[in-house]
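The values are calculated or read from the model by the stated rules, or taken from the named source; none is laboratory data. In this text the structure is predicted, and so the values were computed from the model without any measurement. Counting neighbours? That spans all protein chains shown, and the Cβs are built from the backbone with ideal geometry, glycine included. Remember, those area values only see protein heavy atoms, side chains included, never the ligands or the DNA or RNA. Shrake-Rupley method; radii C 1.70, N 1.55, O 1.52, S 1.80 Å.
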Amino acid sequence: MGHLDHAAFGWLTPVLSYVMACIGAALGLRCTVRALGASGRSRRNWLITAASAIGTGIWTMHFVAMLGFAVTGTDIRYNVLLTILSLLVAMVFVGAGVFAVGYGKDRTRSLLLGGLATGFGVAGMHYLGMAALRLHGQVHYDPVLVALSVVIAVVAATAALWAGLNIKSPIAVAVASLVMGAAVSSMHYTGMISVSVDVAPSGSELSGATAMQFIFPLAVGLGSYLFITAAFVALSPTARERAEYASAEQLVPTS
């Protein structure tokens with residue numbers, strides 16, 4: 001059985017992955033707050049932005065953490081199509097959860113359905129991403145820890161959506177994002193602790209791309225998207241600010 005190292009670069013990848021999870025959660029929560037204060041096309045667009053931010057943040061967290069994953073006795077490659085599919089799964093399921101909350105009339109039911117959809121999307125992204133691994137050997141999972149990781153994902157997702165519905169102030173959103181980032185990271189490393197690998201040394205070439213060839217550039221690109229989106233959200237006026245601007249313009253006397 002090969003020795004697994006979940007932090008081959010020390011604290012760099014765990015800390016950076018946590019930061020990416022927090023950024024994605026913060027953006028998602030802020031966009032959800034904006035969506036609930038909007039209507040029509042504006043609400044839809046804010047919810048789409050929230051889903052893409054949360055999905056991107058979670059995916060980036062996972063694969064930044066995976067940059068530090070190593071197995072003694074074998075190289076590691078990633079199947080490109082499955083890796084991209086894991087990103088799409090995260091966005092689609094998170095989108096389903098966010099839209100359930102954004103448009104649901106019964107908040108309790110919407111929250112439960114949204115939490116389940118988002119949580120299963122997070123877990124699905126994680127294990128689909130793990131299915132993209134290519135190495136010399138067989139990967140095995142502890143079913144109890146896998147189940148626990150799914151439960152953590154659902155609870156974390158439900159808590160995040162609840163925060164989006166009930167927390168309005170920027171400081172409260174920031175605190176909720178730190179908690180959400182910790183929960184998502186806990187889900188990831190719980191899932192990773194469940195992993196064991198029976199290494200079968202081989203001289204054959206592994207298919208797929210290395211982490212530095214594919215994962216790292218994609219993570220940098222998605223991380224840049226998060227920062228650009230953060231700037232957009234920060235500079236976009238809220239519904240209250242737009243109403244104040246409109247009111248101020250009406251008070252300006254015309255010549």
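Of note:
- Filter pass, Val155 being open to solvent by 30 Å² or more (accessible area, probe 1.4 Å), modelled with pLDDT of 85 or more and either among the aromatic types (Phe, Trp, Tyr) or over 21 Å from the mean Cα position of the chain (by Cα) (or both): no
- Residue within segment 198-208 that is of a type in the set (A, V, I, L, M, F, W, C), buried (at least 21 other Cβ atoms within 10 Å of the Cβ) and either closer than 19 Å to Ala21 by Cα or touching a residue at least 24 places away in the same chain (Cβ under 8 Å) (or both) present: no
- Test result for Ala182, among the hydrophobic types (A, V, I, L, M, F, W, C), at pLDDT 85 or above and under 12 Å from Ala25 (Cα atoms): yes
- Residue match in segment 126-134 (condition: among the aromatic types (Phe, Trp, Tyr) and touching a residue at least 40 places away in the same chain (Cβ under 8 Å)): yes
- Summed over segment 105-125, the residues that are without any contact (Cβ under 8 Å) to a residue 24 or more places away in the chain and open to solvent by less than 30 Å² (accessible area, probe 1.4 Å) give a count of 1.
- Residue match in segment 71-78 (condition: within 26 Å of Asn166 (Cα to Cα) and not in a helix (DSSP H, G or I)): no
- The listed residue being crowded, with 16+ Cβ neighbours inside 10 Å and more than 19 Å from the chain's Cα centre (by Cα), out of Val71, Val64, Val33: Val71
- Residue in segment 80-93 that is touching a residue at least 12 places away in the same chain (Cβ under 8 Å), open to solvent by 20 Å² or more (accessible area, probe 1.4 Å) and not in a helix (DSSP H, G or I) present: no
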